[in-house]
Amino acid sequence: WYRVAVAALWSRQREMAWAAAEEAVKRADRLTQRDRSLLDAFHALLRGESQRAEALYRSIVGTHPDDVEAWYQLGEILHHFGPQRGRPAGDAKPVWKRLLRIDPGHLPALVHLGVLAASACDMNELEALTVRVIALSPEADSALWMRSMRAFGLKDAEAQAAVVSDLGRASDHAVSWAARVVGVFLGEISAGSRIAALLTEPLRSGPVRAHGHILRAWFAAARGRWRKAM
């Protein structure tokens with residue numbers, strides 16, 4: 001139930017996450033103290049208490065320095081919630097690196113480091129991380145995201161055409177996040193809008209097409225094109 005809750009939260013299904021977390025709490029007496037601590041930290045995150053969740057995860061890794069799950073969740077908090085508290089997403093970088101020392105094939109750690117490399121315009125680091133992700137899981141959504149950042153970061157027209165073609169056949173989730181990592185983290189706003197346009201194609205569902213238009217509106221607003229955004 002805990003795993004379902006984690007997966008649901010990071011795939012933006014909060015109601016499912018809450019329901020699964022509640023089921024996990026009901027059975028918490030079956031868990032070890034270590035696992036109960038993980039559940040408590042995650043529950044704090046679900047309640048929007050990111051600072052408390054961070055403190056709890058830091059406590060866990062202090063006692064269990066090789067706990068992959070605690071390091072992963074700590075990295076997610078620093079990367080995604082830190083900026084909401086005035087801290088740069090880059091504060092998560094040491095956590096992602098530590099996680100890779102424990103688990104060199106941890107895809108989320110590699111992808112988050114790739115996002116940070118793109119934000120810093122470190123194309124050499126992004127290239128190296130992209131190669132690792134593709135080698136580990138060439139068909140994963142994460143490989144598409146890394147390829148997208150690399151293609152648009154390097155201004156490689158041939159690679160851009162190839163990745164846009166592949167995204168045209170990818171899941172709604174894959175396309176949405178590709179648009180975000182390219183447009184927001186890489187800073188290639190027009191490219192992000194180009195990718196988001198794939199979500200507005202007739203074969204996509206109504207809600208997905210609406211989401212695609214919203215993303216394109218955000219990108220237009222980011223470029224100061226208010227009339228187009230409206």
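Do any trypsin sites (Lys or Arg not before Pro) in the range 1-107 lie in a loop, going by DSSP, with at most 16 other beta-carbon atoms within 10 Å of their beta carbon, and if so which?
Details: sites: Arg3, Arg12, Arg14, Lys26, Arg27, Arg30, Arg34, Arg36, Arg47, Arg52, Arg58, Arg85, Lys97, Arg98, Arg101; in loops: Arg12, Arg27, Arg47.
When the trypsin sites (Lys or Arg not before Pro) of the range 1-107 are filtered for loop state and at most 16 Cβ neighbours within 10 Å, Arg12, Arg27, Arg47 remain.
Roughly what angle does helix 206-222 make with the longest principal axis of the chain, taking Cα atoms, 0 to 90 degrees, to the nearest 10?
Between the helix axis and the principal axis of the chain, the angle is about 80 degrees.
Given +1 on the Cβ of Lys and Arg, -1 on the Cβ of Asp and Glu, and no further charges, what dipole in debye does the range 77-150 carry about its Cα centre, rounded to the nearest 20? Provide the component values of the computation, followed by the final result.
Working: 9 positive and 7 negative charges, 54 e Å.
That gives the range 77-150 a dipole magnitude of about 260 debye.
Filter the trypsin sites (Lys or Arg not before Pro) in the range 166-230 to those in DSSP coil with at most 16 other Cβ atoms within 10 Å of their Cβ, and list the result. All intermediate terms of the calculation are to be shown ahead of the outcome.
Values: sites: Arg169, Arg180, Arg194, Arg204, Arg209, Arg216, Arg223, Arg225, Arg227, Lys228; in loops: Arg169, Arg204, Arg223, Arg225.
Answer in residue order: Arg169, Arg204, Arg223, Arg225.
Please calculate how many Å² of accessible area the chain carries per residue, with a 1.4 Å probe and no DNA, RNA or ligand atoms counted.
Values: 11830 Å² over 230 residues.
On a per-residue basis, 51 Å².
Express the carbon and sulfur contribution to the solvent-accessible surface of the chain as a percent, rounded to the nearest whole number, probe 1.4 angstrom. Walk me through the numbers before you get to the answer.
Details: 6460 of 11830 Å².
C and S atoms contribute 55 percent here.
Measure nothing fancy, just the Cα-based angle from helix 14-26's long axis to the longest principal axis of the chain, in degrees from 0 to 90, nearest 10.
Around 10 degrees separate the two axes.
What base-10 log of the normalised intensity I(q)/I(0) is obtained for the range 107-200 from the Debye formula, alpha carbons as equal point scatterers, at q = 0.21 Å⁻¹?
Here log10 of I(q) over I(0) equals -0.95.
From the mean inverse distance of alpha carbon pairs (Kirkwood) and the Cα radius of gyration, derive Rg over Rh for the chain. Intermediate results must be reported in sequence, preceding the final value.
On the way: Rg = 18.7 Å, Rh = 18.8 Å.
That ratio equals 0.99.
Taking the Cα centroid of the range 1-77 and of the range 83-144, what is the distance between the two, rounded to the nearest whole Å?
Between the Cα centres of the range 1-77 and the range 83-144 lies a distance of 21 Å.
Fully extended, how many nm does the chain gain between Asp156 and Arg36 (0.36 nm per residue separation, minus their Cα-Cα distance)?
On the way: separation 120, 0.36 × 120 = 43.20 nm, distance 4.81 nm.
Answer, rounded to one decimal: 38.4 nm.
Per residue of the chain, what 222 nm ellipticity follows from adding -39500 (n - 2.57) for every DSSP H run with n ≥ 4, rounded to the nearest 500?
-21000 deg cm²/dmol
The values are calculated or read from the model by the stated rules, or taken from the named source; none is laboratory data. Please read all numbers here as calculations on a predicted model, not as lab measurements. Glycine also receives a Cβ, built like all others from the backbone with ideal geometry; neighbour counts cover every protein chain displayed. Only protein heavy atoms, including side chains, enter the accessible area calculation; ligands, DNA and RNA are left aside. Shrake-Rupley method; radii C 1.70, N 1.55, O 1.52, S 1.80 Å.
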